[in-house]
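First up is the structure itself, then whatever we jot down about it.
Please treat every number below as a calculation from the coordinates, not as lab data. Every value quoted in this text rests on a predicted model; they were computed, and no experiment measured them. Glycine also receives a Cβ, built like all others from the backbone with ideal geometry; neighbour counts cover every protein chain displayed.
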Amino acid sequence: MRRFVPPVALWLVCAAILAVITSRVADWFVMTDELLYERLALSVDRLRSPVPHVHGVVVGSISQLYPLLLAPIFASRTVAQGLQLAHVLNAFVMLSAAIPAYLLARRVTCDTRASLFAALLTAIVPWIVLSSFLLTEVAAYPAFLWALLAFHVALTEPRPRHDLVAVSALVVAVVARTQFAVLAAALPGAILLAGRWRAHRTLGLAYLAGAVLALVVVATGHSVLGTYGSTTSGNPVPASIAPAFFSHLAVLALGLGLVPFVIGGAWLVRREPFAMLASVTIVLLTLEVASYDLRFGGGLVRDRYLFYAAPLFAIACAAALARWASPRWSLAVPTGVLVAGFATAPLPVFEKLNVDTPVSIVDGYLRREVGGLGGARTFLVVAGVLAALLVVEAGLLRGRSAALALAACALLLVTAETGYAFERLFRLDGTAGRPLTVDPSGQLGWIDRAVGRGANVTLVPFPTITGEYFTNAAYWWDAEFWNVSATRSAGIPGRFEWTPSTFPKLALRFDRVGRADATAPGFVLQAVGDTRFHLAGTVVTNNRRAFLVKPEQPWRADWTTTGLYDDGWTRPGAVARVQVYPYPGQQRRVLRQLTVSVFAPNGVSARRFTVGPKSAVVRDNEVSVTTNVCVPPRAAGTVDVRVDGASRIANDPNTQETFAEPRNGGVQISRIYLSGQIGAAC
């Protein structure tokens with residue numbers, strides 16, 4: 001057990017320091033990722049099942065390890081309390097990667113100090129800023145390194161039990177992050193390079209069993225990658241994969257402060273078990289990420305998906321420094337990668353820390369100070385060459401002092417980058433538009449306070465602010481994130497689905513008397529200004545432009561509309577229609593009172609509109625028109641809304657695509673109200 005003392009001590013010290021920083025984060029930053037993993041964790045506690053559920057429905061999320069770790073943290077606590085504890089837990093879980101990094105380095109170098117260097121470098125890379133968020137990277141980072149450690153043991157000490165441990169570690173890694181399915185090819189690839197495939201029959205049988213299981217899954221109509229099955233579509237080897245491959249490695253090197261990449265990359269060019277295993281893993285992982293970024297990521301280098309390879313370079317660097325000798329021709333390999341990669345790297349600039357590419361924090365400074373994109377690329381190419389020359393110079397000096405100087409340089413550069421990443425994280429308001437260190441749950445957790453965290457509340461997303469996309473989406477993200485009781489989402493299919501398909505939604509349709517085809521227990525949260533439909537029920541409270549309602553069971557609508565834009569604006573030249581439905585048990589035709597409130601578009605001095613037989617003119621302020629509608633007992637009564645004229649109106653916040661397209665309209669219907677009083681026969 002003595003061999004665990006140094007890495008465990010290093011882990012605890014570094015994690016304690018990191019926890020002080022991450023515990024400052026009191027709000028979400030990455031949507032809808034953080035919402036997903038919070039919901040998965042809450043479902044484990046609520047349903048007492050490790051199977052991934054969202055909105056009460058089983059989802060194909062394979063990356064369930066992190067939600068399982070979070071589940072005890074969020075159990076029986078407010079979201080704010082759970083979030084703070086989760087950020088502390090994140091620090092200790094993510095930095096536990098230092099332990100397998102140390103053990104792997106110890107196997108490679110047989111040197112305690114060199115292994116501690118590799119472990120420390122693993123623990124201070126700038127990507128540890130991801131521990132500030134609810135992301136699978138937190139658990140995936142150590143899981144990846146434990147898998148590589150198990151692979152190395154199986155490669156160097158081929159025995160059946162080692163093969164089984166390696167397969168088990170692979171399964172855990174994939175459950176930590178689906179992306180690691182690519183590791184299934186890493187160990188066989190290293191075994192083939194080492195020429196030791198005959199000693200791994202147990203591994204072969206395990207892989208055969210896995211292949212059969214995968215075929216069964218596919219045959220039943222499912223994807224072996226779960227919700228990430230769509231990433232296999234398209235050409236996996238795009239035409240520009242080669243430059244993207246090098247630019248991804250160059251950005252990884254930048255996050256490592258260049259020196260460990262140069263030294264480690266040169267050391268990896270050898271026929272040694274770890275070198276072969278690491279090289280195969282790095283190539284496979286980089287190709288996977290580069291292919292994904294080209295096909296689905298707009299060509300942006302998302303180093304968030306690649307940083308797992310950083311400790312492999314750290315371990316290789318430690319191995320080189322442990323037995324320091326004059327550099328050889330192998331230095332040309334990492335130097336060439338840096339030159340080719342930086343020459344084409346996109347180097348994007350973002351106002352805030354970009355979680356997909358934390359290394360981009362330096363791009364703005366470089367492009368601003370050294371002459372734009374071209375100047376930044378040239379600077380980094382020169383920096384890569386200078387890093388190689390620095391290693392050559394240190395090699396000529398020989399001796400342990402040169403190795404220590406290079407190690408100190410690497411640690412200093414990486415520490416500076418990591419510190420800058422956290423400084424950028426806290427410098428500006430978070431992506432929610434609020435200070436990241438201020439707890440907003442006092443305002444946003446009102447639903448739990450109104451009905452209790454154990455209640456069931458169905459959200460019905462709809463815009464609450466005109467002319468905004470992100471603000472409206474964030475409103476409903478907040479409603480779900482900060483309230484444990486927000487357990488479902490419902491609405492008309494295709495309208496305001498601001499969460500992806502991993503968030504199942506109740507698709508609502510209404511029949512000729514207003515009955516919904518779906519019903520859920522508990523309460524409903526519906527925007528005051530929702531102009532699509534209104535569920536009948538008793539209002540519990542009105543807060544933040546939304547009604548919390550105890551709906552009638554089964555669900556039914558008081559009224560619905562047709563002919564409007566999804567967010568309540570009237571269409572040019574079209575007639576909008578409000579259908580008012582009979583109440584339960586209605587036996588005769590009765591009069592109901594309907595009020596329609598409207599706003600004119602900005603810049604319009606006056607616009608005439610009619611609601612049924614009544615007309616009015618809307619100018620600067622909201623105008624309401626009340627009319628009677630005759631409702632039969634077995635069908636809907638209707639009221640037409642017509643508008644004279646059309647002009648430019650706010651863009652449609654239904655999706656990011658529709659919000660980017662201009663449109664014209666007449667007036668915005670801001671609210672439709674049906675009186676509960678029953679009038680005379682008609």
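Put simply, when 638-650, 215-227, 307-319 are sorted by average Cβ atoms within 10 angstrom per residue, most first, you get 307-319, 638-650, 215-227.
Gain on full extension, evaluated as 0.36 nm per residue between Gln553 and Arg48 minus their Cα-Cα distance, stands at 179.1 nm. For segment 368-419 versus segment 555-626, the inter-centroid distance based on Cα atoms is 67 Å.
Ordering 386-392, 88-94, 258-264 by mean Cβ neighbour count within 10 Å, with the highest value first, yields 258-264, 88-94, 386-392. The helix-based estimate of mean residue ellipticity at 222 nm for the chain, built from -39,500 (n - 2.57) per DSSP H run of four or more residues and divided by its residue count, is -15000 deg cm²/dmol to the nearest 500. At the listed q of 0.16 Å⁻¹, the Debye profile of segment 372-455, built from one uniform point per Cα, gives log10 I(q)/I(0) equal to -0.85. Hull volume per residue, based on the alpha-carbon atoms of the chain and their convex hull, is 172 Å³.
Scanning residues 5 or more positions from Thr541 or on other chains, those with amide H under 5 Å from its amide H are Leu548, with H placed 1.01 Å from N in the peptide plane. Hey, with R₀ at 22 Å, roughly what FRET efficiency would Glu661 and Arg295 work out to, going by the Cβ-Cβ distance, to 0.05? That pair, Glu661 with Arg295, gives E of 0.35. Between Leu213 and Val237, the modelled label-to-label distance comes to 2.9 nm, taking each label 7 Å out from Cα in the direction of the beta carbon.
Shape summary: segment 569-682 maps onto an equivalent ellipsoid whose semi-axes, from the alpha-carbon gyration tensor, are 30, 16, 11 Å in decreasing order. Protection proxy ranking for 294-301, 194-201, 666-673, using the average of other Cβ atoms within 10 Å per residue and placing the highest first: 666-673, 294-301, 194-201. Remark: the Arg512-Glu423 segment gains 26.2 nm on full extension, using 0.36 nm per residue and subtracting the alpha carbon distance. Extension gain, Ala681-Val540: 0.36 nm per intervening residue step, less the Cα-Cα distance, totals 47.7 nm. Dipole magnitude for the chain: about 920 debye, using +1 per Lys or Arg Cβ and -1 per Asp or Glu Cβ, origin at the Cα centre. Using a 4.7 Å Cβ-Cβ cutoff, the cysteines of the chain lacking any partner cysteine are Cys14, Cys110, Cys317, Cys409.
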